């Protein structure tokens, strides 16, 4: 299984649409959004065209989206499906702020924590947990990017939107 991790869309529906169209073509059925999608209009448009599920965490630029939680969780199976003994579960959390991501990693409850806010793609290990920022969809400060995690290969790949 593969899923996408995005953050800091800031209502850039053109970039989000490009990513969603690519994800649909690749058969990816889950997006984890780490906050700052910004408005309900962008959520509505994204959910209209994405052929899977989108899970959200609220950021500081999410206006009127009080029903979105500050953090969200998902559990996925990892490992090679042809090797039953090689299968394991990965507990994942998403949030917006780096400080919250660090605390989630330090809780030892998660294998992976994805976050946003800084707009900068980044990966580090914190207390045996991978803490990852997929960059920004908006293209405000850095080249617009997102990440794709492959659970079978236990591999994360950064994607640059203008190279899709």
Any residue at all in the range 54-64 that is touching a helix residue (DSSP H, G or I) at 6+ places or on another chain (Cβ under 9 Å), in a helix (DSSP H, G or I) and more than 24 Å from residue 90 (Cβ to Cβ)?
no
Single unsatisfied condition, residue 57 versus (1) on the phi > 0 side of the Ramachandran plot; (2) buried (at least 16 other Cβ atoms within 10 Å of the Cβ):
(1)
Would you confirm whether any residue within the range 73-91 is at pLDDT 95 or above, closer than 17 Å to residue 3 by Cβ, touching a helix residue (DSSP H, G or I) at 6+ places or on another chain (Cβ under 9 Å) and surrounded by 16 or more Cβ atoms within 10 Å (Cβ to Cβ)?
no
Check on residue 105, in contact with a helix residue (DSSP H, G or I) (Cβ under 9 Å, 6 or more places away or on another chain), more than 24 Å from residue 11 (Cα to Cα) and buried (at least 22 other Cβ atoms within 10 Å of the Cβ):
no
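Picking from 52, 35, which residue would you name as being modelled with pLDDT of 95 or more and surrounded by 20 or more Cβ atoms within 10 Å (Cβ to Cβ)? Can you show your working first?
Values: 52 fails: surrounded by 20 or more Cβ atoms within 10 Å (Cβ to Cβ).
That would be 35, the only listed residue that is modelled with pLDDT of 95 or more and surrounded by 20 or more Cβ atoms within 10 Å (Cβ to Cβ).
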Checking residue 113 against (1) in contact (Cβ under 8 Å) with a residue 40 or more places away in the chain; (2) within 11 Å of the chain's Cα centre (by Cα), which single condition isn't satisfied?
(1)
Scanning the range 118-134 residue by residue, those outside any strand (DSSP E or B) and at pLDDT 95 or above turn out to be 118, 119, 120, 121, 134
Select from the range 135-155 the residues that are touching a strand residue (DSSP E or B) at 6+ places or on another chain (Cβ under 7 Å), free of Cβ contacts under 8 Å to residues at least 40 places away in the same chain and part of a strand (DSSP E or B) and list them in ascending order.
145
Looking at residue 102 and the list (1) under 13 Å from the mean Cα position of the chain (by Cα); (2) more than 14 Å from residue 5 (Cα to Cα), which single condition is not satisfied?
(1)
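The values are calculated or read from the model by the stated rules, or taken from the named source; none is laboratory data. These numbers were taken from a predicted model, which means no experiment stands behind them. All Cβ positions, even for glycine, are placed from backbone atoms using ideal geometry, and neighbour counts span all protein chains on display.
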